[in-house]
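Working notes for the structure below.
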Amino acid sequence: MRTQSPIFNSEESKPKSIFLRTFCNSTIAKFESKIFIILATIDKHTPSIGTISIIFYTIFNIQMENSFLFNWQINIQGIVQGVGFRPFIKRLADEYDLKGLVKNLGNKGVLIEIYHQSESNINIFLNQIQKLKPKLSEILEIQVAKFNHELKNYNDFYIEKSSLSVNGNGFIALPTDTGFCRECLYDFLSQNNRKKYEFVSCTNCGPRYTIVSNLPYDRINTSFNSFSLCSNCEAEYFNTMNRRFHSEANSCINCGPKYDIYKKVDNKWIEIDLDWEEISSLLESGKIFAMKGIGGTHLIFSPFNTKTVKKVRLNRRKSNNKPFAVMMKNIEYIKKYCFSSEIDEQILQSPKRPIVILEAKDASLWADIAPNLNTLGVILPYSTAQLNLFGDKNDVLVFTSANIPNFPMPISNKEIFDYCLNIADFLLIHNLNIIQRVDDSVLRSHDDYHLIIRRARGYVPRPFYYNKFNKLGIAEILSLGAEENATITLHKNGWFTPSQHLGNITTIEAFENLKNVRSHLEKLFSIEPKYVTSDLNPIFLTTNYKNNLALEGFETLGVQHHVSHLYSLTLDHNMDIEEPFAAWVCDGFGYGVDGKAWGCEFIEMDNNKPYWRKLATAVDLPYMGRDQDAKYPARMLLNLCKLLDIEIDDIFNDLNIEKIFLHGKKEFDFIKGQKFYSNYYSTSALGRFLDINAILLGYVDNRSYRGEPAITLEANALKSKIGSDEFYITSQNGMLKLDYFEIFEKALTFSKEDKKPNNIAKWILEVIANSLSKIAIYICEEKAIKKIGLTGGVFYNKIITTKIISNLKKAKLNPIIHKNIPPGDGGISLGQAIYHGRMLYE
Amino acid sequence: MNEERIVEISHGAGGRKMDELISFISKIIDIKNNQEDIIGPEEMDDSSILPIDVEQREIVMTTDSHTVDPIFFRGGNIGSLAVAGTINDLVVMGSKPQYLTLGLIIEEGFKFNDLAEICKSIGEMIKNSEVRIVTGDTKVMPKGKISNLVINTAGVGKLIRKTPIRDSAAQKGDMIIITGSIGDHGASLISLREGLNFETKLASDLHSFWPSFKDIITDPKIRCMKDITRGGFASAANEIASKSKVCLKVNEDQIPIKPEVQAICDILGFEVLEISCEGKALMIVENGSELEIIKKLKKFDFCKDASIIGYVDQSPQAQVHIITDIGGTRQLMKPYGEPIPRVC
């Protein structure tokens, strides 16, 4: 008698189709699954989002006769591979005395076959799966099929070898790389073969996406494949009761990857012997270490050694002011140095372990690390190797990517040796192959909510799901994003997988990385898109790439920058893209459909082509020098003064003209005398207006890194306690506009009255928020729109965002801000993909 | 002072007034000088008749229309520009320039004095460049329908090497040479237009390649040669890269750029590699020949900044890469046509 064969292997034994479908909300932050189980044949019952409870459609149970025994096939999709899901199912099945098997199916999640069970027992089993599932797993869809053909005799429950199935409309989400768990920390501290071991992990934690070259998630498809398990580890690996059962990254001091240590001598790397105590002493003394870790390589050094910090800043930042992140030994030190809310602490300690930008208690302590700012990017150790760095000597270490500016982070050992030679004194390098480079994620805390600045380690490749696209069978799409803080996204069957943060795609090296990530993701998730989307900006490399793909037969589409932002917000909130919705999209620059520089647009989703409509904006600021104006906002300040007939010398006498203009006084004199052409280039961008004010108030000389002027404006405004209810709106050609001119002139008046710059800064941000709120409230009341979104890089600004949220709530409107997708350009590719899908309806 | 004489609409009407204008122009240019072997210029027939090339070399021909604002600039004017532009186009193909045509479209009200100065420059330029104007035309357009003066010149040259110098001949391993600092012409003009008065010494690099390049273009080791004009270095380099199906790898810090040219571009927000030149060539030469060629070039004052700026690679095809000292390699695209911001 056959004991282990597929349930249906001939025509007549095809299942009688009764399906159970379980749908979940695709959002990440909520760990409570929102589940609906419905009869798939009642297709119109597609769930909307809202209820947080399991609803069984009781009709199902009524129709079934519980006394009969059936064979069952359960397909679970979501994050179910590499998280200890199969052993969990095995243990659960054993507990309920179920017979059958469980196995990984390439891109179709996990398949469970259960023999000879009643309806009611299966329901209990499914319920328990939902309730007890492993920590890192996430169930996004369950399909259940029932068969009543011949019964099989099974005397046990098996974990079967994985099979590669890439058929059907399934989608398998791979788990993300997560920081070590509590149990692994314990092993690191006390277990004989894992004491101080740098690669401690288990099925509940450790690297995943960064070490996987293919699916299914088996050791053979990871870079741990080159390390054979020692007898101890092998025993754990095959013990169903062990938390390292089928832990693909399982290893220990005796069999796992190892760190080697190199010292720079005469500009060459010489291998040396050092223990971790010696390393932490060297760090304390100001030495710079480059360390290969999970998904990348970091430079690590003491934040309190000014000379060292300056050296790295000069070498890796061309002396610009961009802040460095710091890693703190544990949460107590973070609380010591920063103001942190309970939510901040939860996120910092979560398995994702991102960098969180918090307000520093004493900014002067971090003047070298985060110049001109009152915030600090902090992170906790996420690999046990990092724990070793601290020892008794260090509480805080600078923790920054070891890449050369605009190059991808080095991940191969050769690159690491080469790239770090001109900066590091020591090198900590290991022999575990990094498959995908993934930066540390960065979040900005607004106290009670967080915004993702950089979505990378711990967050990718977690997909987003839009059920309607699955139902409509929308084609596979590749979207290429914008150019700064770039990501790409792949869409398949309603699943949107955004790549990790890819940095600025302005160099060939960075662009090669984008292409590699594209092919890696396509291979991993079996996606072969024939549709490709990019920004409208004609000079972006991504646009150029899209045009090249068009020659290869791809159907292409360009999506306006701010429209992409708008649509990304709908995906973040799992909204129906046909529901009434409008959003303020505010940033530094996006190429408009009219070729102009947009950046403060109130856009409504529309059910007719082109599926959006601009409802309001801001008045135009001169932007003749384009990118040069962005880099030296003093140029815009000067032109704005000219435009408004404001006495120029009064303002510029107080500023350091030699510093705020690249070419000093001669540039100032020229622009001062330059006439406006009749049709001069201009911008509505709010980001640029913030830049202008940062120069006006003397906070920065120019933009030495992305966002710097606007960030310093906010940093100083946060020191002020004043508030304002004022707003400045004008109407031009029947369109409401935020009135920069009035705000600017009023700010100048305050300045003349010798009001404190910090108060003026705060006032500016408050009135901007009020003006945006007023326009939104006015228009949305007229249009009966309830949901008002805020997206674009400007909304990282805490003062503006918090104030608008409060204004909208007072007006009984529903403010929608980002949760799991960056408001900045990291979210563009997701917005492009969903918009492109919208264009493929019918 | 007498009222200044200006071009009237009737000067283009085909009558005696037109004859007057034409003879005014041709006299100043001295068109009829050294034209004994040609029927046309002397007789003012409908066409000219040129002797056929006795060496049975291929004829090289080009045409170019010129507008420039302002029409007089430091280092030249629209007349010398029109002549040098056409000569240079012929030279970079590997030919000796011989005959030019001259078509003038003049705006009503244009000053005869200005016209005289322009014709003088044309005369000097053709003399120094050893070419002859063999036929011409003038039209007058009503005021406001055209800006000042537009000049069209066509040119005929004789190939003086076995095969012409083509944009499509660059090969992996070849070296990239630029014959002098780039962007001088464009930056000088822009600064004049915009009233940037702090760089008063910067002049256009307007220069004819002939006869200077007589001994250079015959060198078989030269694979490609391009007159850098509109669209600047970016446009010329991309043309070669895409026609030759190669990648040009250029070291940013080896591209000769005058600090004042860079400053003008910074202040006005322009990309210096997209700024036009009027006497600079981009050359692709066989590996190993570059030092010799640079040595020859540097003998000429207008090529004293000639530099080796990079090399040719096989792939990625049709791209120009600018390698920076820090910050990676960026792709230099063909200019879009107007400056587009990219900084978000």
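The values are calculated or read from the model by the stated rules, or taken from the named source; none is laboratory data. Values in this document were obtained by computation on a predicted structure and should not be read as measured data. With ideal geometry, Cβ positions are generated from the backbone for all residues, glycine too; neighbour counts draw on all protein chains shown.
Matching residues to (1) surrounded by 22 or more Cβ atoms within 10 Å (Cβ to Cβ); (2) outside any loop (DSSP other than H, G, I, E, B); (3) not basic (K, R):
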| site | (1), (2), (3) |
| --- | --- |
| A:K414 | no, yes, no |
| A:V438 | yes, no, yes |
| A:A456 | yes, no, yes |
| A:T497 | yes, yes, yes |
| A:I505 | yes, no, yes |
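Evaluate the following for A:L541: is it within 11 Å of chain B (Cβ to nearest Cβ), in contact (Cβ under 8 Å) with a residue 24 or more places away in the chain and of a type outside the set (V, I, T)? Against the criterion (within 11 Å of chain B (Cβ to nearest Cβ), in contact (Cβ under 8 Å) with a residue 24 or more places away in the chain and of a type outside the set (V, I, T)), A:L541 qualifies. Could you please let me know if A:L643 is touching a strand residue (DSSP E or B) at 6+ places or on another chain (Cβ under 8 Å), more than 14 Å from chain B (Cβ to nearest Cβ), more than 30 Å from A:L557 (Cα to Cα) and touching a residue at least 24 places away in the same chain (Cβ under 8 Å)? For A:L643, the condition - touching a strand residue (DSSP E or B) at 6+ places or on another chain (Cβ under 8 Å), more than 14 Å from chain B (Cβ to nearest Cβ), more than 30 Å from A:L557 (Cα to Cα) and touching a residue at least 24 places away in the same chain (Cβ under 8 Å) - is met. Residues that are within 14 Å of chain B (Cβ to nearest Cβ) and touching a residue at least 40 places away in the same chain (Cβ under 8 Å): does segment A:695-703 have at least one? Taking every residue of segment A:695-703 in turn, at least one turns out to be within 14 Å of chain B (Cβ to nearest Cβ) and touching a residue at least 40 places away in the same chain (Cβ under 8 Å).
Just one of the listed residues (A:I785, A:I805, A:I775, A:I779) is part of a loop (DSSP other than H, G, I, E, B), among the hydrophobic types (A, V, I, L, M, F, W, C) and in contact with a strand residue (DSSP E or B) (Cβ under 6 Å, 6 or more places away or on another chain), and it is A:I785. Filtering segment B:43-99 to residues that are under 22 Å from B:S188 (Cβ atoms) and assigned to a helix (DSSP H, G or I) leaves B:I78, B:G79, B:S80, B:L81, B:A82, B:V83, B:A84, B:G85, B:T86, B:I87, B:N88, B:D89.
So that you can scan it fast, the table gives a plain yes or no per residue for (1) within 17 Å of A:T570 (Cα to Cα); (2) more than 14 Å from chain B (Cβ to nearest Cβ); (3) under 15 Å from the mean Cα position of the chain (by Cα); (4) at pLDDT 95 or above:
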residue: A:D447; (1), (2), (3), (4): no, yes, no, no
residue: A:R454; (1), (2), (3), (4): no, yes, yes, yes
residue: A:G458; (1), (2), (3), (4): no, yes, yes, yes
residue: A:F464; (1), (2), (3), (4): yes, yes, yes, no
residue: A:S479; (1), (2), (3), (4): yes, yes, no, yes
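Selection of first residues in segment A:665-676 that are more than 7 Å from chain B (Cβ to nearest Cβ) and over 11 Å from A:G625 (Cβ atoms) and of second residues that are modelled with pLDDT of 95 or more and exposed (fewer than 15 other Cβ atoms within 10 Å of the Cβ), restricted to Cβ pairs under 7 Å at least 6 apart or on distinct chains, gives the following pairs, ordered by first then second residue: A:K665/A:E658.
Criterion first (more than 14 Å from every other protein chain (Cβ to nearest Cβ), in contact with a helix residue (DSSP H, G or I) (Cβ under 8 Å, 6 or more places away or on another chain), closer than 19 Å to A:F581 by Cα and buried (at least 21 other Cβ atoms within 10 Å of the Cβ)) does A:I834 satisfy it? Yes; evaluated as a whole, the condition is true for this residue.
Among the residues of segment B:207-219 satisfying the criterion of being assigned to a loop (DSSP other than H, G, I, E, B) and not β-branched (V, I, T), which is surrounded by the most Cβ atoms within 10 Å (Cβ to Cβ)?
To start, the set of residues in segment B:207-219 that are assigned to a loop (DSSP other than H, G, I, E, B) comprises B:207-211, B:216-219.
Okay, now just the ones that are also not β-branched (V, I, T), so B:207-211, B:219.
Values: B:H207: 25, B:S208: 25, B:F209: 27, B:W210: 21, B:P211: 15, B:D219: 18.
Filtering first and then ranking leaves B:F209.
Residues that are more than 10 Å from chain A (Cβ to nearest Cβ) and either in contact with a Cys (Cβ under 9 Å, 6 or more places away or on another chain) or of a type in the set (S, T, Y) (or both) within segment B:310-337 comprise B:Y311, B:V312, B:D313, B:Q314, B:S315, B:Q317, B:V320, listed in sequence order.
What residue, of A:H573, A:H561, is within 14 Å of another protein chain (Cβ to nearest Cβ) and either touching a strand residue (DSSP E or B) at 6+ places or on another chain (Cβ under 7 Å) or not small (G, A, S) (or both)? Lay out the reasoning, then the answer.
On the way: A:H573 fails: within 14 Å of another protein chain (Cβ to nearest Cβ).
Result of the check over A:H573, A:H561: A:H561.
From B:K226, B:K249, which residue is farther than 23 Å from B:G328 by Cα and assigned to a strand (DSSP E or B)?
Answer to the selection: B:K226.
Given the conditions (1) touching a Cys at 6+ places or on another chain (Cβ under 8 Å); (2) within 14 Å of chain A (Cβ to nearest Cβ), report the number of the one that B:S212 does not fulfil. Condition not satisfied by B:S212: (2). What about B:S204, is it buried (at least 23 other Cβ atoms within 10 Å of the Cβ), away from chain A (no Cβ under 13 Å) and closer than 18 Å to B:S80 by Cβ? In short, yes. State whether the residues of segment A:207-225 include one that is more than 30 Å from A:Y158 (Cβ to Cβ) and under 26 Å from the mean Cα position of the chain (by Cα). For segment A:207-225, residues more than 30 Å from A:Y158 (Cβ to Cβ) and under 26 Å from the mean Cα position of the chain (by Cα): present.
In segment A:583-620, how many are aliphatic (A, V, I, L, M), within 13 Å of chain B (Cβ to nearest Cβ) and closer than 19 Å to A:N679 by Cβ? Break it down into steps so the answer makes sense when it comes.
First, the residues of segment A:583-620 that are aliphatic (A, V, I, L, M): A:583, A:585, A:593, A:597, A:603, A:605, A:615-616, A:618-619.
Now drop any that are not within 13 Å of chain B (Cβ to nearest Cβ), which leaves A:585, A:597.
Now restrict to residues that are closer than 19 Å to A:N679 by Cβ: A:597.
Going through segment A:583-620 one residue at a time, the tally reaches 1.
The single condition from (1) away from every other protein chain (no Cβ under 13 Å); (2) assigned to a helix (DSSP H, G or I); (3) not hydroxyl-bearing (S, T, Y) that B:I264 fails is (1). Of all residue pairs spaced 6 or more apart or on separate chains, those with beta-carbon atoms under 9 Å, a first member in segment A:500-522 that is at positive phi and a second member that is surrounded by 19 or more Cβ atoms within 10 Å (Cβ to Cβ) and of a type in the set (F, W, Y) are A:G503/A:F407. Is it true that B:I284 is in contact (Cβ under 8 Å) with a residue 24 or more places away in the chain and in a helix (DSSP H, G or I)? Criteria not met by B:I284.
Residues in segment A:292-315 that are farther than 22 Å from A:A385 by Cβ and within 14 Å of another protein chain (Cβ to nearest Cβ): how many? Counting residues in segment A:292-315 that are farther than 22 Å from A:A385 by Cβ and within 14 Å of another protein chain (Cβ to nearest Cβ) gives 3. Residues of segment A:100-154 that are modelled with pLDDT of 90 or more, more than 30 Å from A:I527 (Cβ to Cβ) and part of a strand (DSSP E or B): A:G100, A:I114.
From the list A:S247, A:S228, A:S280, A:S251, which residue is in a helix (DSSP H, G or I) and either out of contact with any strand residue (DSSP E or B) (no Cβ under 9 Å at 6 or more places or on another chain) or touching a residue at least 12 places away in the same chain (Cβ under 8 Å) (or both)?
Details: A:S247 fails: in a helix (DSSP H, G or I); A:S228 fails: in a helix (DSSP H, G or I); A:S251 fails: in a helix (DSSP H, G or I).
Every option except A:S280 fails the conditions.
Inspection of segment B:178-196 finds a residue satisfying the criterion of being of a type in the set (S, T, N, Q) and within 14 Å of chain A (Cβ to nearest Cβ).
Restricting to segment A:513-535, name every residue that is closer than 21 Å to A:M839 by Cα, buried (at least 20 other Cβ atoms within 10 Å of the Cβ) and either modelled with pLDDT of 95 or more or within 14 Å of chain B (Cβ to nearest Cβ) (or both). Scanning segment A:513-535 gives A:P529, A:Y531, A:V532, A:T533, A:S534, A:D535. For segment B:126-171, name all the residues that are outside any strand (DSSP E or B) and within 25 Å of B:Q35 (Cβ to Cβ). Listed by number, the residues that qualify are B:I126, B:K127, B:N128, B:S129, B:E130, B:V131, B:I160. In the condition set (1) over 26 Å from A:L387 (Cβ atoms); (2) surrounded by fewer than 23 Cβ atoms within 10 Å (Cβ to Cβ); (3) at pLDDT 95 or above, A:N433 is compliant with all but (1). Scanning segment B:172-199 for residues that are under 29 Å from B:Q98 (Cα atoms) and assigned to a loop (DSSP other than H, G, I, E, B) returns B:T179, B:G180, B:S181, B:I182, B:G183.
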